[in-house]
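A short worksheet on the structure shown next.
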Amino acid sequence: MPLQAIRFIDETVTVEFDQEPVRIKNPHCPDRFVWNGDVFAVETLLEEWRDHSRHGRMARNMRPGNKARALKSGSWGVGRIYFRIATAQGRCFDLYYNRAPVPGAPEGQWILYRELGEVN
């Protein structure tokens, strides 16, 4: 059965890597994340995708040719990298890295987006 969202979370989490990413704005899937004081070990990366689209004011401030290239490969501080993961605890989540700098996290932040499950 395909996985479907069963709970929207949208909370900042701390991630841990066994091997740190080469580029901070282009990380690979983390090995663990900490949510509400619990550590979740990533057992399997099920899927990975990227969204480099611009929103709001940022969607209107580029020339069309540059915008098309940025949608393909991203530009500094824009976009999200999504990871659909299965944990050692038997739960599935969508987790993403938000490349946009925010106060207190100029390098971006990790967000636990939603929990997934099989729905009959």
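The values are calculated or read from the model by the stated rules, or taken from the named source; none is laboratory data. All figures in this text were calculated on a predicted structure; none of them were measured in a lab. Neighbour counts run over all protein chains shown; Cβ positions are idealised from the backbone, glycine included. Accessible surface is based on the protein model in full, side chains and every heavy atom, while ligands, DNA and RNA are left aside. Shrake-Rupley method; radii C 1.70, N 1.55, O 1.52, S 1.80 Å.
Things worth noting here:
- All positions within region 11-27 that are open to solvent by less than 80 Å² (accessible area, probe 1.4 Å) and out of contact with any Leu (no Cβ under 6 Å at 6 or more places or on another chain): VAL15, GLU16, PHE17, PRO21, LYS25, ASN26, PRO27
- Across region 71-120, the qualifying residues are those that are in a strand (DSSP E or B) and open to solvent by 30 Å² or more (accessible area, probe 1.4 Å), and the one among them that is modelled with the lowest pLDDT is VAL102.
- Answer from PHE8, PHE33, PHE40 - the residue that is open to solvent by 90 Å² or more (accessible area, probe 1.4 Å), at pLDDT 95 or above, not in a helix (DSSP H, G or I) and not hydroxyl-bearing (Ser, Thr, Tyr): PHE8
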